[in-house]
1. Check region 59-70 and report whether any residue there is over 30 Å from residue 41 (Cα atoms), in a helix (DSSP H, G or I) and at pLDDT below 95.
């Protein structure tokens, strides 16, 4: 009993937190953390909006760039590219390039179609504006007697 009193307070806050975290992990599992993480993220998104994430991402990127330099991004980009190439093979890049090109082509076609439709609608509106308003003449000219 006396030993218990002496050991009280011997654990640091960090150790207590770690011990508590391990206990929760063992009792509830990974899914618990995923669930509370999603809930927390949804709450922050609802309260602060998308711009909050854009801002903290930009600030974080600026900090990393200031601390590590632009060369760091070049290195991690190369590592990531090499990893993808090793995992998926060199044909993967051809495939995503083709898909990207097809997507761009589709978007261009949709943009042209929308522009044609807008021009046709504008022409129709202009033609309608040039006509006499309905119910005020617009029919046959008066007959001369």
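The values are calculated or read from the model by the stated rules, or taken from the named source; none is laboratory data. Treat the numbers as computed from the prediction; the structure is a model and nothing was measured. In this analysis, Cβ positions are derived from the backbone assuming ideal geometry, glycine residues included, and neighbour counts consider all displayed protein chains.
1. no
Residues are listed down the side, and each one gets a yes or a no for (1) exposed (fewer than 11 other Cβ atoms within 10 Å of the Cβ); (2) in contact (Cβ under 8 Å) with a residue 24 or more places away in the chain; (3) within 22 Å of the chain's Cα centre (by Cα):
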position: 27; (1), (2), (3): yes, no, no
position: 46; (1), (2), (3): yes, no, yes
position: 55; (1), (2), (3): no, no, yes
position: 75; (1), (2), (3): no, no, no
position: 79; (1), (2), (3): yes, no, no
position: 101; (1), (2), (3): yes, no, yes
